[in-house]
Amino acid sequence: MRNRTIAGLVACAISTLASIAHAADPVKVCGLRFTSSAANFIAVEKGYYADEGLDITLAYFDAAQPVAVAVSAGACDIGVTGFTAGMYNLAGRGTLRIIAGEAWEERGYKFIGFVASNEAYDKGLRSIRDLPGKRFGVTQLGSTFHYNVGMLTDKYGWDNKAVSVVPLQSVANMVGAVKSGAVDAAALPSFVANPLSAGGAVKLLGWVAAETPWQVSGVIASKDMIDKRRSVVEHFIKAYKRATAEYDAAFNHLDAGGKHVFGKDAEALFPIIEKYTNTSRAVVMDGLPYVNKQASYNIANVAAQLDWYKARGFVDAGVTVDKVADASFVEVVKENFK
Amino acid sequence: MSSALKLVQDASQRNSTGSKDEGPEAVVRFRGGGFDPRPNAWIGWAAIIGLVAIWQLAAASGYLSPLVLPSPVQVGSALLKMAAADDFTSQVSASLSRVASGWLIGTIMGLIVGCAMGVFSIARAGALPIVSGLYPIPMIAILPLLIVWLGIGESSKTAVIVLGVFSPTVISTFSAVDNVPRGLIRMGQSFGLSWRSIVLKIILPGSLPGVLAGFRITAAIALILLVSAEMIGAEYGIGALILLAGNLMQTDRLVAGVLLLSATGLVISWLLGRLEKALLKWR
Amino acid sequence: MDLSVAAISHWYGGTNALQNVSFDVKSGEVVCLIGPSGCGKSTLLGIIGGLIAPSSGEVRLRGAPPAGSLNPLTYVFQDFALLPWRTVRGNVALALEEHKLPAGELASRVGRALAMCGLSDFAEALPGQLSGGMKQRVGIARAIAVTPAVLLLDEPLSALDAQTRDLLIEDLLEIFRRESATGIWVTHNLDEALRVGDKVVVLSRRPGRLKKIVPVDIPRDQRVLPESAAEMARLHNELWSLIKAEAVMADREVADV
């Protein structure tokens, strides 16, 4: 009786192993429900990953930082996320690397916006140049929001402490703070900034893309994944690039006046992005950043980010661009796109 | 023959048969003892040292990657660096003043409401559902509201701790008042004590043990909520330090900050122990 | 001060605890209240002292309380009801603090009460450090300190062991003699009732009705003498016969309270 049970279990295990060998490679992809990850969603929905023999499971996070932690810890194989100081520190420990690009803040596109509280606006905060001396809300120190205001400081040559940066830990707290005037200004994603300013709760000051183009986000993979399952990563990138090419054709267009316009293929892609971001057409249309056709990323810009963070002690001194960026999967560029 | 007499006879018979027939002899085996845990400070320290040693060994041998848990040496050096930094005193004093003021305000409000609920039926019936409703509110979830109401200054940070401390204080206070033996209150009435005297001389001292036990819980809550409070735009503070280390994935600083927080907790708990000893000598 | 219990009835919700109980207590007299458990003895004592409002009937007082009486109706409790955070002295002083006494009177009242109860050496002790017998002495000292007109003793010895009880009863009788105090003493112990009572009020099982008032005519100091033994035994038998059947019935009733 017992022998038969064991035999049955062994047979069952063998058949399971066999079926795994023949089945698609399982890959767990982690990211945010952001419009900037549209290419990833398109590749999933249209079966580009499946075409490459990948069995994709998506997992969603509510901030960029945990995605990097999950990839480092091996809970996720691949991450699609924003570049933060925390991520660079993890990359410096050799647990993950950037393998492809995603959103690039490009003039004419609206991804992250600067908003002022009504109170501060009434007191004279009318443009980005008025920010020195004001309280500026960010999620966390070392986040993309923090870097946005850091780039402004460098660009306009303000004193390092001219804008007082207030970490509020979450977008919800930032919204509460800027609506009530607890902070004078904040950087908010377009899908938050647009409805707020349309409703009169805040005043829109401008867009990051118009001020300081930069590499906001990309695709990261765990070091184990790159070392041990390199071909899976390559297949992933191949499928991902099919989607970025399609994204490029549909969305990466500016008209003669520099206004963001969409191609004829856009209509077919909107429902996919709406579905994966849980938002409406209007929100999607308002928040699509530039994403490079070849899934390239600007490695020089990554190096610049590292320098900025290291100079402020947010990234450990030993973290170099070689440790952070893997240039072997996509073509990387050293100058701004376009 | 009376039954008593018969019993005596039976006993004498049993005695005589016992001496005739010499059965096996045995010594009664001790079977009590145990189930009596006693404090032993030495073993407590040894356990901590042993744990740290195992931790260091695991880290040094590579079983424990720094991402999972930085080694005690790394944490120690992060802690030293933290303590040597110029802003260390402002970090600690900012947190301590938030904890102290939040805990004090929440405790005073809680004691007033809790005592009122213990003494007056109307206060109890009116406040109990409100307090019970306030108890499980997750502070992190209402941070955006607190920011809208109170801004991002000290008041909203203090409010997080006040709100967290208030409800448990109310509940421990009014159950402490409830636990004052009714017999003592009846005694006070029977000796013609005024209402005021009964409250001041019987109910308040009688509820002190329960109130002080509540302090231990609320002091811990205040420390736990410190990190939530310092989520609101804190420039300095142990909680802000932990949050920043977490955001930057500087795990050595993260663990060092957590150790700092738990050391603060130990000091507070020791102080409360002294307070209990001083105030509850009669127990 | 004389006291009369006039037609007291009491209900707890739908339960009739006491039914039309009346008796008188004359100044200087010690009246024992006995009855089977659950007969409402303690409720009756609560009503007499004004701690429980009776459903009907009233308790009347006649005459002036003794000079300097701060609390005419004063209890001694079965569980002592001492404040554990106050010293012996503090417990005895508790009720006195309510009154604006002339300088020194508080201390002298406390000192006298402590001395009378043999507590002078324990004035600074906390109740937690004392034996049961000593605790009840504190309870008695606290009662004496306010110079009561009528002492209401609610099973004062029931929480004590037999030896302590015998020791304390002698001291209590001495105090009653010296203070010529009036007392209502609730007990379930017949020997105790016969030892201290001038008369014994016997209550029936619930609802407590007055069953009989048995006078004890032997002077207190002669009750332990051999020549009183026969009369004491007779009284004991009389009380026991009054109570036995009631007690058996009450015992079976307790379950459905």
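Treat the count of other C-beta atoms within 10 Å as a stand-in for reagent exposure and order C:M134, A:M225 from fewest to most.
Numbers: C:M134 20, A:M225 23.
Listing C:M134, A:M225 from fewest to most nearby Cβ atoms yields C:M134, A:M225.
Report the charge-dipole magnitude of the protein assembly as shown in Debye, nearest 20, computed about the Cα centre from +1 at each Lys and Arg Cβ and -1 at each Asp and Glu Cβ. Walk me through the intermediate numbers first.
Numbers: 82 positive and 76 negative charges, 110 e Å.
The calculation lands at about 520 debye.
Which lysines, on any chain, are close to A:K275 with Cα under 18 Å apart, when same-chain ones fewer than 8 places away are left out?
The reachable lysines, counting only those whose Cα sits under 18 Å from A:K275, are A:K46.
Using a 10 Å cut-off around each Cβ, can you sort B:I43, A:I78, B:I224 from fewest to most neighbouring Cβ atoms?
B:I43, B:I224, A:I78
Most mobile of A:L288, A:L90, A:L58 per a Gaussian network model of chain A (Cα springs, under 10 Å)?
Highest fluctuation among the options: A:L58.
How big is the charge dipole of the range A:108-254 about its Cα centre, in debye rounded to the nearest 20, if each Lys and Arg gets +1 on its Cβ and each Asp and Glu gets -1 on its Cβ?
Numbers: 17 positive and 12 negative charges, 44 e Å.
Charge dipole, the range A:108-254, about its Cα centre: 220 debye, nearest 20.
Please identify the longest segment of chain B free of exposed GluC sites (Glu not before Pro), where exposed means a DSSP state other than H, G, I, E or B and no more than 16 other Cβ atoms within 10 Å.
Free of exposed loop sites, the longest segment is B:26-234.
With springs only between Cα atoms under 10 Å, which of A:T95, A:T153, A:T35 fluctuates most in a Gaussian network model of chain A?
Judging by the Gaussian network model, the answer is A:T153.
Please average, across the residues of B:222-234, the number of beta carbons from any other chain that are within 10 Å of each residue's own beta carbon, and give a whole number.
3
Among the GluC sites (Glu not before Pro) in the range A:213-285, which ones are in a DSSP loop with at most 10 other Cβ atoms within 10 Å of the Cβ? Mind listing them? Provide the component values of the computation, followed by the final result.
Values: sites: A:E234, A:E246, A:E267, A:E274; in loops: none.
Those that pass, being in a loop and sparsely packed, number zero.
Counting other beta carbons within 10 Å of each residue's own, what order do B:D252, A:D159, B:D36 fall into, fewest first?
Neighbour counts put them in this order, fewest first: B:D36, A:D159, B:D252.
Which loop-located trypsin sites (Lys or Arg not before Pro) does the range C:1-69 contain, where loop means any DSSP state but H, G, I, E or B and the Cβ has at most 15 other Cβ atoms within 10 Å?
For trypsin sites (Lys or Arg not before Pro) across the range C:1-69 that sit outside H, G, I, E and B with at most 15 neighbouring Cβ atoms in 10 Å, the list reads C:K26.
Label points 7 Å out from Cα along the Cβ direction at C:K26 and C:E231: separation in nm?
Computed distance between label sites C:K26 and C:E231 equals 1.6 nm.
Please report how far the C-alpha centroid of the range A:222-260 lies from that of the range A:130-145, rounded to the nearest whole angstrom.
After rounding, the separation between the Cα centres reads 30 Å.
By its C-alpha gyration tensor, with a ≥ b ≥ c as the square roots of the eigenvalues, how is the range B:93-279 shaped: rounded for a/c under 1.5, else prolate for a/b larger than b/c, else oblate?
Taking the square roots of the gyration eigenvalues as a ≥ b ≥ c, the range B:93-279 is prolate.
Taking the alpha-carbon distance from A:K223 and a cut-off under 15 Å, which aspartates and glutamates remain once sequence neighbours fewer than 8 residues away in the same chain are dropped?
Qualifying aspartates and glutamates at Cα under 15 Å: A:D77, A:E234, A:D322, A:D326.
Given axes a ≥ b ≥ c from the Cα gyration tensor, I'd like to know whether chain C is rounded (a/c under 1.5), prolate (a/b larger than b/c) or oblate.
Prolate is the answer for chain C, as a/c is 1.5 or above and a/b outweighs b/c.
Which of rounded, prolate, oblate describes the range A:112-212, given a ≥ b ≥ c as roots of the alpha-carbon gyration tensor eigenvalues and a/c under 1.5 marking rounded, otherwise prolate only if a/b is larger than b/c?
The shape class here is rounded.
If you count the DSSP beta bridges with both ends in the protein assembly as shown, what percent of them are antiparallel, to the nearest 5?
55
Which of C:I243, C:I140, C:I52 moves the most in a Gaussian network model of chain C with Cα springs under 10 Å?
Top of the fluctuation ranking is C:I52.
Would you please calculate the Kirkwood hydrodynamic radius of the range B:59-199 over all C-alpha pairs and express it in Å, rounded to one decimal?
About 19.1 Å, per the Kirkwood formula over Cα pairs.
Roughly what % antiparallel, to the nearest 5, for the DSSP beta bridges in chain C?
Once the DSSP bridges in chain C are tallied, antiparallel ones form about 50 percent.
Report, in listed order, any pair from A:K238/A:K323; A:K134/A:K161; A:K161/A:K334; A:K110/A:K134; B:K281/C:K100; B:K201/C:K100 with a Cα-Cα distance greater than 21 Å.
A:K238/A:K323; A:K161/A:K334; A:K110/A:K134; B:K281/C:K100
Are there DSSP H segments in chain C that both extend 15 Å or more along their axis (alpha-carbon positions) and score a mean Kyte-Doolittle hydropathy of at least 0.0? List them, or say none.
C:105-116, C:132-145
Which value, in debye to the nearest 20, describes the size of the charge dipole of chain B about its Cα centre when Lys and Arg Cβ atoms bear +1, Asp and Glu Cβ atoms bear -1, and nothing else is charged?
Its charge dipole is roughly 1040 debye.
Among the lysines, which have Cα under 26 Å from the Cα of C:K41 when same-chain residues fewer than 8 positions away are ignored?
C:K26, C:K135, C:K199, C:K211, C:K212, C:K244
The numbers here are math on the coordinates, done by the rules we state, and not lab data. Fair warning: this is a prediction, and the values are worked out from it, not measured in the lab. Cβ atoms come from the backbone with ideal geometry, glycine included; neighbour counts cover every protein chain shown.
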